[in-house]
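J.: This is the structure I want to talk about, given as structure tokens.
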Amino acid sequence: MADIPDGELYPVPQRLLDPAQCPEPYISSLQQYKELYQQSIEQPDEFFGKLATDLLTWSKPFNRVRHGGFKYGDVAWFLDGRINASYNCVDRHAIENPKKVAIIYESDEPNQSENITYGQLLRDVCQLAGVLRAKGIRKGDTVAIYMPMIPEAVTAILACARIGALHSVVFAGFSAEALRDRVQDAQSRLVLTADQGRRGGKTIEIKKIVDEALKSCPMVETVLVCERTGADVPMTPGRDHWWSQEVSRTPTYLPPEEMHSEDPLFLLYTSGSTGKPKGVLHTTGGFLLGAAATVKYVFDYHPGDIFACMADVGWITGHTYIVYGPLALGATTVLFESIPTYPTPSRYWELIAKHKITQFYTAPTAIRALRRLGDEWVEGHDLSSLRVLGSVGEPINPEAWHWYNDKVGKGRCAIVDTYWQTETGSHIVTPLPGAIPTKAGSATLPFFGIELAILDPVTGKELTGNSVSGVLAVKRPWPSIARSIYGNHQRFLETYLRPYSGYYFTGDGASRDKDGYIWVGGRVDDVINVSGHRLSTAEIESALIVHHAVAETAVIGANDEVTGQCIHAFVCLKPGLASGHSRAFANDLTKELALQVRKVIGPFAAPKRIYLVEDLPKTRSGKLMRRILRKIVAGEADSLGDISTLADPSVVEALIAKVKSAA
Ligand code: WT7
């Protein structure tokens, strides 16, 4: 059995429990967490019924809390309730306190931040929702959003929710081809975008990418273009319209569409172990409850706090923790357009000091990158407003955890290492700031309502008790779990619910240590996690294979000090090109291949290393042995295990030499 990780326990910082210094945490002892957790499992109807009534406003109350389960994949929550997400995130706060700041927009250039109040947000959302209606968008339609990190991206999401259209946000780092695939899969008739984006002082040609993508999307009738830079971009007559012109002639109030709790709220594409990205589908009531409840309890959000999640709205983290969660609670949420190193590596810390941020949420990859640049960038900034520091996207290594805790949190903040996925909608394993002692590198204990199981990957048998290792699964539905894959429910069942019957399968390996703490190891499928971005090996391989020189490829994830994992691609060239080529030829080709991946998926998917090789390690039946490639790249060629099943064991020597010479 694999070694079970362990680490020292760090108590809740005393400052958080001192009423003179901090608001009293909602959950302020381990005992209290345990009691509530127990209740959430033993009396879920009472627990979640109360939570959903306390945190959300229903236009028609629900009588029934839960229905269905993993056996048939027919999960439903609050089924006869009616609710609108935009009403919950905007109207009810605008009515109570229209002057309260909803969004602090911190633009790419540090001196151009802007505040948007709840009153303003309501007008913006209503106007855009009105435009969508006028363009023929109705409840159940999908709308693609391909936008930079500007307030209009939030407006776009909420305007869709207001009229019951499903938003499908595509991260603006995806290429035209990736955008095209997503627009086609969702059959979106309308695209919300911007002229250009600004990031780290650079301009991103957003509209050009949209134009390229839409060449093969005849179903798109309307494109609304938000003026981020005011650049003169080509507009297709009849199809493209300027955002500001359209909204300016639309009324500033539009009633929200009354939605059933289980009506779809959005889809969001993510990578699985096969080539084609899947549109993960979330529904309204349950998703919103998961978002609101975790902002309240995991970030211990109190009225007056300034909540800052550094993710992009194009990923689930942005959906749940920039938009829906904080706004559902009426919080002030920070929308950060830039990067941690622009104009200097002090940007995050200046941001925190400037806006007196109380909860700060980022990814281990950013923490590692900043740590490497030196402590001087974080020193001398007033970070005293901080109470909770969150980490998300991949396991956080103890070095990064300690740096975050000591240098940023000054030992006075809670560190919450939050484990979750696009499919889980909100955190499922995480510390609670005032209640759960932490261990550097462990996501600690399950959130309310999450009944975890560690399964033997081969037999599927549940490994009970502590000090066990296996794959991570969940035994029963919780409100914010995804309900389906857009247009392919069968695939949903096969990916998540069939591998281990009766369980939701996360795809991650995990251990439960001697104290019952969860340590997530990483994916056990062919998914690679680069800087918290999820990619499938098959997706990258199919991008490479399109190149005319390529006969065959094998892509693997290797460890990387900054990005967590990075991509290494082994490429076999077509006969005739395979051997005897010059170094210059190889160099050019490698560049072309990297470009190819950027073109098909996006810049963030570019391989770190590309090896042009003669042969790949395969069994006699032709099965590719990725395990061998992983070992070679990791420098563990001396422990390859049994290679006698390979069709040609001599390829291994050649691969080792190739990888060595490239290092
Ligand atoms: C995968 C989900 C929803 C978060 C953003 C990424 C990995 C995420 C942690 C963590 C260890 C983590 C898992 C998971 N992951 N958070 N705290 N510790 N691993 O969402 O793109 O859906 O990726 O990210 O491997 O399965 P995603």
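The values are calculated or read from the model by the stated rules, or taken from the named source; none is laboratory data. Since this is a predicted model, take the numbers as computed values, not measurements. Using ideal geometry, Cβ is built from the backbone for each residue, glycine included, and neighbour counts are taken over all protein chains shown. In case anyone asks, the SASA skips ligands and DNA or RNA and just uses the protein heavy atoms, side chains included. Shrake-Rupley method; radii C 1.70, N 1.55, O 1.52, S 1.80 Å.
Yes/no per residue for (1) without any contact (Cβ under 8 Å) to a residue 40 or more places away in the chain; (2) open to solvent by 20 Å² or more (accessible area, probe 1.4 Å):
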residue	(1), (2)
R239	yes, yes
S244	yes, yes
V247	no, yes
P255	yes, yes
E258	no, yes
D263	no, yes
S273	no, yes
V280	no, no
G285	no, no
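Listed here are the residues, each with its yes/no results for (1) in a helix (DSSP H, G or I); (2) touching a residue at least 40 places away in the same chain (Cβ under 8 Å).
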site	(1), (2)
R15	yes, yes
A20	no, no
P23	no, yes
E35	yes, no
Q38	yes, no
I41	yes, yes
D45	yes, no
K50	yes, no
T57	no, no
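J.: Could you list all residues from the stretch 293-312 that are surrounded by fewer than 24 Cβ atoms within 10 Å (Cβ to Cβ) and either among the β-branched types (V, I, T) or more than 14 Å from the ligand (Cβ to nearest atom) (or both)?
T.: If the condition is that a residue be surrounded by fewer than 24 Cβ atoms within 10 Å (Cβ to Cβ) and either among the β-branched types (V, I, T) or more than 14 Å from the ligand (Cβ to nearest atom) (or both), then K296, Y297, H302, P303, G304, D305, I306 are the ones that fit.
J.: Looking only at the stretch 18-31, count every residue that is closer than 16 Å to V416 by Cα and open to solvent by 50 Å² or more (accessible area, probe 1.4 Å) and tell me the total. Steps first, please.
T.: From the stretch 18-31, those closer than 16 Å to V416 by Cα are 25-30; that's our starting set.
Now drop any that are not open to solvent by 50 Å² or more (accessible area, probe 1.4 Å), which leaves 26, 30.
Adding up the residues that qualify gives 2.
J.: What is the one condition in (1) of a type outside the set (S, T, N, Q); (2) within 16 Å of the ligand (Cβ to nearest atom); (3) over 30 Å from V527 (Cα atoms) that C226 does not satisfy?
T.: Failing condition for C226: (2).
J.: While we're on this one: In contact with a Gly (Cβ under 8 Å, 6 or more places away or on another chain) and either farther than 30 Å from L288 by Cα or at pLDDT 95 or above (or both), is that true of S542?
T.: Answer is yes for this residue.
J.: Same structure again: Which of the residues spanning the stretch 513-543 are more than 14 Å from the ligand (Cβ to nearest atom) and either more than 18 Å from T563 (Cα to Cα) or open to solvent by 30 Å² or more (accessible area, probe 1.4 Å) (or both)?
T.: D513, K514, D515, G516, A538, E541, S542, A543
J.: Hey, another quick one. Need pairs with beta-carbon distance below 6 Å; first residue in contact (Cβ under 8 Å) with a residue 12 or more places away in the chain and farther than 26 Å from G425 by Cα and within the stretch 390-413, second open to solvent by less than 20 Å² (accessible area, probe 1.4 Å) and more than 15 Å from the ligand (Cβ to nearest atom); sequence gap 6+ or separate chains.
T.: K407/V378
J.: Is there a residue being touching a residue at least 40 places away in the same chain (Cβ under 8 Å), within 16 Å of the ligand (Cβ to nearest atom) and closer than 23 Å to W401 by Cβ anywhere in the stretch 567-589?
T.: no
J.: Hey, another quick one. When only residues in the stretch 313-326 that are within 12 Å of the ligand (Cβ to nearest atom) and not aliphatic (A, V, I, L, M) count, which is most open to solvent (accessible area, probe 1.4 Å)?
T.: Only one residue tops the list, namely W315.
J.: Could you check how many residues of the stretch 485-498 are in contact (Cβ under 8 Å) with a residue 24 or more places away in the chain and surrounded by fewer than 19 Cβ atoms within 10 Å (Cβ to Cβ)?
T.: Applying the first criterion (in contact (Cβ under 8 Å) with a residue 24 or more places away in the chain) to the stretch 485-498 yields 485-489, 491-493, 495-497.
Next cut, surrounded by fewer than 19 Cβ atoms within 10 Å (Cβ to Cβ) only: 487-489, 491, 493.
Count: 5.
J.: For the stretch 36-62, which positions are out of contact with any strand residue (DSSP E or B) (no Cβ under 9 Å at 6 or more places or on another chain) and open to solvent by 70 Å² or more (accessible area, probe 1.4 Å)?
T.: Residues satisfying the conditions are Q38, E42, Q43, E46, K50, T53, D54.
Conditions tested, residue by residue: (1) outside any helix (DSSP H, G or I); (2) surrounded by 14 or more Cβ atoms within 10 Å (Cβ to Cβ); (3) charged (D, E, K, R).
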{"residue": "L179", "(1), (2), (3)": "no, yes, no"}
{"residue": "R198", "(1), (2), (3)": "yes, yes, yes"}
{"residue": "V233", "(1), (2), (3)": "yes, yes, no"}
{"residue": "T236", "(1), (2), (3)": "yes, no, no"}
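J.: Let me ask something additional. Among (1) more than 21 Å from the chain's Cα centre (by Cα); (2) within 16 Å of the ligand (Cβ to nearest atom), which single condition is P345 missing?
T.: (2)
J.: Is at least one residue of the stretch 82-92 more than 27 Å from the chain's Cα centre (by Cα), part of a helix (DSSP H, G or I) and within 26 Å of M310 (Cβ to Cβ)?
T.: no
J.: Of the conditions (1) in contact with a helix residue (DSSP H, G or I) (Cβ under 7 Å, 6 or more places away or on another chain); (2) within 16 Å of the ligand (Cβ to nearest atom); (3) farther than 26 Å from L179 by Cβ; (4) of a type outside the set (A, V, I, L, M), G272 fails just one. Which one is it?
T.: (3)
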